[in-house]
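Here's the structure we're looking at; comments come further down.
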Amino acid sequence: MAWDGKCMLNVSGTTRVVGIIGNPIRHSLSPVMQNAAFAAGGLDYVYVPFAVTPEHLGDALSGLQALGVCGFNVTIPHKTAIIPFLDRLEESAEAAGAVNTVQLCGRSLIGYNTDGDGLVDSLQTDLDFSPGAEQILVIGAGGAARGAIAALCRAGAKKIVISNRSVEKAHAVLLDMTARYPDTYIDVIHQSQVNEECLGVTSLLLNTTSLGMNGERIEHINHAQLPKHARVYDMVYSRNGTELVNVASASGLRAVNGLGMLVAQGERAFEIWTGQRPPDGVMRLALDSI
């Protein structure tokens, strides 16, 4: 059935439990969208937030296993710290060096990273962009950039340029990604080198940093130098749009923030846990309604 914002979950002794661990956790939007999808799909699941401090991570994982929880998401500050506790990493998590989704198979904990593939899904859905021969300019070289670049490579990207303040950090990402995905040409430039020549051949500008979360402007980006067909994607999610997205949109470029990625990574996690695709559009509708 379609979710109308009024469906309620009926929790019983047969209800299967999934959730999210992090600290802090009360701000998470995942319970809203996941429980809406379970209700709309008629699945006997419930999604619960668990506040877990770093010093209790190991104990929390043992407790979740003992309770028979069948899967959970992972957010700050545990995305990397959880790795030594897992029995196996799927390629998406191994390449990203971080985990955001865990599946419990018997007594085994299997780590995934659905963020990068969720980004690729959102690029297609929200910007009608599929990675190919065009140049993709990635701002940042942190964990989010690593996962995004790995997913873009798996999706067929042919040329990625990483721009970062620390060229050494960006080179470390380049070496790892080139070894994993030799079919993609990857280059590194300092953020001061993001000039008209670079932007003029860029088809996708992707911000993977936290700049914009509090309204900051990415100073070294001149939107006027991007071609008219270029897309702009800001992984930061803000209800009012980020400065990067707002300026790009005002310049006539197609631009979106990270809402679609948030939804798409959640849809992929849903499928990992249940073996089913969530009802179309339900998670986004749930977030739009709050």
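The values are calculated or read from the model by the stated rules, or taken from the named source; none is laboratory data. This is a predicted model, so every value here is computed, not measured. Note that each Cβ is placed from the backbone with ideal geometry, even for glycine, and that neighbours are counted across all protein chains shown.
Of everything in the stretch 169-200, what is in a helix (DSSP H, G or I), touching a strand residue (DSSP E or B) at 6+ places or on another chain (Cβ under 8 Å) and not small (Gly, Ala, Ser)? Give them in sequence order. Show your work before the answer.
Quick first cut of the stretch 169-200, residues in a helix (DSSP H, G or I) only: 169-180, 191-193, 196-199.
Okay, now just the ones that are also touching a strand residue (DSSP E or B) at 6+ places or on another chain (Cβ under 8 Å), so 170-171, 173-174, 177-178, 191, 193, 198-199.
Result: 171, 173, 174, 177, 178, 191, 193, 198, 199.
Filtering the stretch 73-85 down to residues that are among the hydrophobic types (A, V, I, L, M, F, W, C) and surrounded by fewer than 17 Cβ atoms within 10 Å (Cβ to Cβ), which residue is nearest to residue 145 (Cα to Cα)?
76
Restricting attention to the stretch 93-116, the residues being touching a helix residue (DSSP H, G or I) at 6+ places or on another chain (Cβ under 6 Å), in contact (Cβ under 8 Å) with a residue 40 or more places away in the chain and either buried (at least 23 other Cβ atoms within 10 Å of the Cβ) or more than 12 Å from residue 147 (Cβ to Cβ) (or both) number 8. Restricting the first member to the stretch 12-33 and to residues that are more than 16 Å from residue 288 (Cα to Cα) and part of a loop (DSSP other than H, G, I, E, B), and the second to residues that are charged (D, E, K, R) and modelled with pLDDT of 95 or more, the beta-carbon pairs closer than 9 Å and six or more apart or on different chains are 12/44; 14/44; 15/44. Somewhere in the stretch 155-168, is a residue part of a loop (DSSP other than H, G, I, E, B), over 26 Å from residue 227 (Cα atoms) and touching a residue at least 40 places away in the same chain (Cβ under 8 Å)? No, there is no match, as no residue in the stretch 155-168 is part of a loop (DSSP other than H, G, I, E, B), over 26 Å from residue 227 (Cα atoms) and touching a residue at least 40 places away in the same chain (Cβ under 8 Å).
Of all residues in the stretch 40-61, those that are under 19 Å from residue 275 (Cα atoms), small (Gly, Ala, Ser) and out of contact with any Phe, Trp or Tyr (no Cβ under 6 Å at 6 or more places or on another chain) total 2.
Do we find a residue being within 20 Å of the chain's Cα centre (by Cα) and free of Cβ contacts under 8 Å to residues at least 24 places away in the same chain anywhere in the stretch 212-230? Within the stretch 212-230, one or more residues are within 20 Å of the chain's Cα centre (by Cα) and free of Cβ contacts under 8 Å to residues at least 24 places away in the same chain.
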